[in-house]
1. How many residues are surrounded by fewer than 24 Cβ atoms within 10 Å (Cβ to Cβ) and either more than 16 Å from the ligand (Cβ to nearest atom) or without any contact (Cβ under 8 Å) to a residue 12 or more places away in the chain (or both) when one looks only at the range 345-376?
2. Taking the condition of being open to solvent by less than 20 Å² (accessible area, probe 1.4 Å) and either within 13 Å of the ligand (Cβ to nearest atom) or outside any loop (DSSP other than H, G, I, E, B) (or both), how many residues in the range 321-344 meet it?
3. Are there strands (runs of 3 or more DSSP E) fully within the range 211-318 with at least 3 residues that are within 20 Å of D155 (Cβ to Cβ) and either in contact (Cβ under 8 Å) with a residue 40 or more places away in the chain or more than 20 Å from the chain's Cα centre (by Cα) (or both)? List them.
4. Out of G122, G159, G116, G151, report the one residue that is open to solvent by less than 40 Å² (accessible area, probe 1.4 Å) and more than 26 Å from the chain's Cα centre (by Cα).
5. Say whether the condition of being part of a strand (DSSP E or B), more than 11 Å from the ligand (Cβ to nearest atom) and either modelled with pLDDT of 95 or more or not aliphatic (A, V, I, L, M) (or both) is met by at least one residue in the range 125-135.
6. Working carefully through the options A47, A15, A19, find the one that is touching a helix residue (DSSP H, G or I) at 6+ places or on another chain (Cβ under 8 Å), on the phi < 0 side of the Ramachandran plot, open to solvent by 20 Å² or more (accessible area, probe 1.4 Å) and at pLDDT below 95.
7. From (1) in contact with a strand residue (DSSP E or B) (Cβ under 6 Å, 6 or more places away or on another chain); (2) not in a helix (DSSP H, G or I); (3) not β-branched (V, I, T), pick out the condition that doesn't hold for M433.
8. If you take the residues in the range 67-99 that are at positive phi and within 23 Å of the chain's Cα centre (by Cα), which one is nearest to the ligand (Cβ to nearest atom)?
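The values are calculated or read from the model by the stated rules, or taken from the named source; none is laboratory data. Computed from a predicted model, the values in this text were never measured in an experiment. All Cβ positions, even for glycine, are placed from backbone atoms using ideal geometry, and neighbour counts span all protein chains on display. Each accessible area value is taken on the protein alone, full model and side chains, heavy atoms only, with ligands, DNA and RNA left out. Shrake-Rupley method; radii C 1.70, N 1.55, O 1.52, S 1.80 Å.
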Amino acid sequence: MQRRHFLRAAGLSAAGLVAGAVQAGSGSRTRTSSTTVPPVPADTGAAGRVLVIGGGMAGTTAAKYLRLWGGQKVQVTMIERETSYVSNIMSNLVLNGGRTIAGLTYNWDRLVANYGVNRARGDVTTIDPVARRVFVGTTRYDYDRLVIAPGIAFDPIAGLDTDALRAQFPHAWQAGAQTTTLRDQLRAMPDGGTFVMTVPMAPYRCPPGPYERACVVADWLKRNKPRSKVLVLDENPGITAEPESFDRAFRQTHAGVITYVPNAVVERIDPATRTVHTAMGPFTGHVINPIPRQRAPELLYRNGLVNDANPVVGERRWVNVDAVSYEHLSAPGVHVIGDPANHGQPKAGHVANMEAKVCADAITRLLRGDVPDPSPVTNSACYSPITFETASWLTAVFRYNSTSRKMEVTQTATGAKVSGEAGIATKDNFEEMNKWFVQLMADTFS
Ligand SMILES: Cc1cc2nc3c(=O)[nH]c(=O)nc-3n(C[C@H](O)[C@H](O)[C@H](O)COP(=O)(O)OP(=O)(O)OC[C@H]3O[C@@H](n4cnc5c(N)ncnc54)[C@H](O)[C@@H]3O)c2cc1C
């Protein structure tokens with residue numbers, strides 16, 4: 001089924017944005033938007049100070065919609081440590097020259113100009129949920145509600161013990177300098193060489209992303225270094241997302257180029273011999289792209305906010321929230337959205353945008369003495385390039401379950417899950433992917 005047909009059947013727009021209005025236009029720095037910006041209302045009955053930590057997909061959307069829906073009496077300050085944001089979404093296409101890092105770079109100027117968000121630059125180190133304040137160094141910010149959206153952190157990989165080695169063996173799972181390093185290594189690889197990549201144990205950021213990368217790299221090698229191979233070492237027992245699409249891509253589209261090895265739990269990397277030692281044996285390559293296991297950033301550990309159920313404290317990785325508002329289960333007034341949160345949905349940018357809107361809506365209601373919407377609905381949409389001109393897609397609709405306090409894939413009256421994947425990659429999907437991306441980034445940054 002084509003994705004737009006699936007969404008139509010599920011009662012969604014092509015952008016798949018359920019939880020809030022779509023702000024059309026472009027998120028790129030270089031393009032201009034002809035769309036009228038909706039005004040921030042003077043008074044919605046909501047009033048208070050909201051701090052947002054992190055200006056990525058989740059934090060930026062939350063800051064924008066808190067103003068748009070909360071109005072001028074909701075003061076929103078977003079604290080972000082970087083001067084600009086590089087989108088991970090589409091960054092695999094930097095590897096085949098289809099995109100550039102500059103073209104994937106966004107800033108927050110429109111958030112400030114259009115919606116009156118206060119932007120502060122800094123690295124938040126301390127959160128005091130009892131006194132309701134955070135610190136950037138010695139600078140103190142007080143809040144009534146706090147939204148934490150700092151993305152993810154990466155586990156160390158044995159053998160890659162220095163910054164120099166980690167830069168030499170880039171994961172490129174945070175788009176930026178590592179992405180261009182990996183692209184340059186690919187270009188410098190000899191024809192007949194092997195590109196070895198590892199897929200971390202789930203859950204991790206962007207479930208289809210590693211398999212998408214394998215396809216993009218294989219496609220580029222076929223056209224530029226046709227004797228080369230891609231080896232995918234997956235720590236998981238099988239493909240974790242879009243299994244039909246990627247199984248077809250690995251076995252048919254890129255047959256003879258991609259070798260897929262499941263259960264290849266990484267033990268260490270020997271940088272001298274470029275060997276990845278795994279539970280399935282050692283594998284040597286010319287370019288090594290190890291994507292590490294992931295967890296909540298240090299900020300959340302340091303401030304005692306990592307609370308997932310695993311009883312081994314060192315193994316706790318994520319933050320359990322109540323997905324009706326994304327409020328932390330034991331820190332009132334603290335909301336955690338985006339990749340570090342456990343909420344029953346995939347860790348992905350489109351979902352982060354959805355979560356942010358549900359959270360902004362809930363905070364707006366709470367700030368006017370109301371209760372959050374008891375049954376939020378979101379959706380996830382993800383496109384995966386399979387070649388330089390075709391893509392597949394994956395989507396699901398989620399509904400809140402008040403017993404688990406998480407989102408669950410919606411079921412139809414007959415019990416069928418409202419989720420689906422393309423199964424086959426097409427040029428139409430690739431074109432739709434580009435439109436979806438422009439719309440998603442405009443909805444977030446414009
Ligand atoms: C290769 C790749 C492809 C992907 N493709 C897709 C896709 O097709 N579709 C999709 O939906 N998702 C995709 N994703 C996933 C998506 O990029 C992430 O899920 C999304 O960015 C998560 O948003 P976030 O706001 O949680 O984190 P981020 O977007 O990482 O934002 C976190 C922000 O917080 C800031 N920050 C962190 N700590 C602090 C601090 N202490 N103080 C101040 N600021 C701080 C950071 O600088 C950053 O700007 C992809 C990811 C990768 C790696």
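1. 14
2. 12
3. Output list reads 266-270, 275-278, 287-290.
4. Of G122, G159, G116, G151, the one residue that is open to solvent by less than 40 Å² (accessible area, probe 1.4 Å) and more than 26 Å from the chain's Cα centre (by Cα) is G159.
5. yes
6. Answer to the check: A19.
7. Evaluating M433 over (1) in contact with a strand residue (DSSP E or B) (Cβ under 6 Å, 6 or more places away or on another chain); (2) not in a helix (DSSP H, G or I); (3) not β-branched (V, I, T) leaves (2) as the failure.
8. Ranking the qualifying residues of the range 67-99, first place goes to M90.
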